[in-house]
Structures are given as C-alpha cells and as structure tokens.
Amino acid sequence: MNNSLTAKERRHIAKVKALPCSVCNAPGPSSAHHYRQHSQYTCIALCYECHQGPKMGIHGEKRAWAIAKMDELDALNVTIQRLMEQAPSAEW
Ligand SMILES: [Zn+2]
Ligand SMILES: [Zn+2]
C-alpha cells in the first residue's frame with residue numbers, strides 16, 4: 001500500500017477539513033477521520049471532541065456519537081452530502 005497521497009487526494013482531504021463537524025456541526029476547520037486506513041475518499045469531517053476527545057470521540061468512549069445516534073457511516077453520509085452541496089459539478 002502506497003502511503004503518499006496524490007494531489008487529488010490531498011485536495012479532497014483539504015475540502016473535508018474545511019467542513020463543519022459531521023456529528024455535532026461545530027464549525028470548521030475540522031480534522032479528517034479515516035473510516036478505513038489509506039482510503040482517502042471515505043474521510044469524515046470531525047471536530048476535535050467528536051474525533052479524539054477521550055469521552056466524546058470516535059477514538060474514545062464515543063459518547064457524542066451515542067448522543068447523536070450516529071455511527072461512522074452516518075457521519076460519512078453527512079460529510080459527502082456537504083461536499084456535494086458545495087462542489088461545482090465540474091470538479092467531480
Ligand atoms: Zn463534533
Ligand atoms: Zn480518526
């Protein structure tokens with residue numbers, strides 16, 4: 001598996017990071033959580049708490065996720081929806 005990102009992948013990640021949090025809607029910039037390692041196009045936009053917060057985050061006790069009744073695919077759905085809404089179709 002090649003770890004280096006292509007220019008398009010980097011551009012995609014930058015767009016994801018500009019989004020609000022997909023779980024709690026905290027305004028961006030967010031961090032990009034990889035749903036699957038090395039799969040750059042399934043990144044989820046998350047704020048620090050929903051991402052790495054020890055209690056709230058997906059890498060912790062996932063409490064924000066439980067409160068929002070969301071799992072990673074629900075959050076990915078939100079991230080993709082927001083990307084589609086803001087992207088001029090020519091960029092896809
Ligand atoms: Zn959040
Ligand atoms: Zn993560």
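The values are calculated or read from the model by the stated rules, or taken from the named source; none is laboratory data. This one's a predicted model, so the numbers in the text were calculated from it and none came from an experiment. Every residue, glycine as well, gets a Cβ built from its backbone with ideal geometry; the counts of neighbours run over all protein chains shown. What goes into the accessible areas is simple: the full protein's heavy atoms, side chains included, and nothing from ligands, DNA or RNA. Shrake-Rupley method; radii C 1.70, N 1.55, O 1.52, S 1.80 Å.
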- Message: Tell me the per residue accessible area of the chain using a 1.4 Å probe; a whole number in Å² is fine.
- Response: 64
- So which lysines pass the test for residue 8, namely a Cα distance under 27 Å, with those fewer than 8 places away in the same chain ruled out? 17
- Could you check how many percent of all C-alpha pairs in the chain are farther apart than 19 Å? 36
- May I ask you to work out the translational diffusion coefficient for segment 38-83 at 4 °C, viscosity 1.567 mPa s, via Stokes-Einstein with Rh from the Kirkwood sum over Cα pairs, reported in whole µm²/s? 121
- For segment 1-42: rounded, prolate or oblate by the Cα gyration tensor [a/c cutoff 1.5]: oblate
- May I ask you to list the residues of segment 16-50 whose amide nitrogen lies under 15 Å from a point 7 Å from Cα along the Cα→beta-carbon direction of residue 81? 20-26, 45
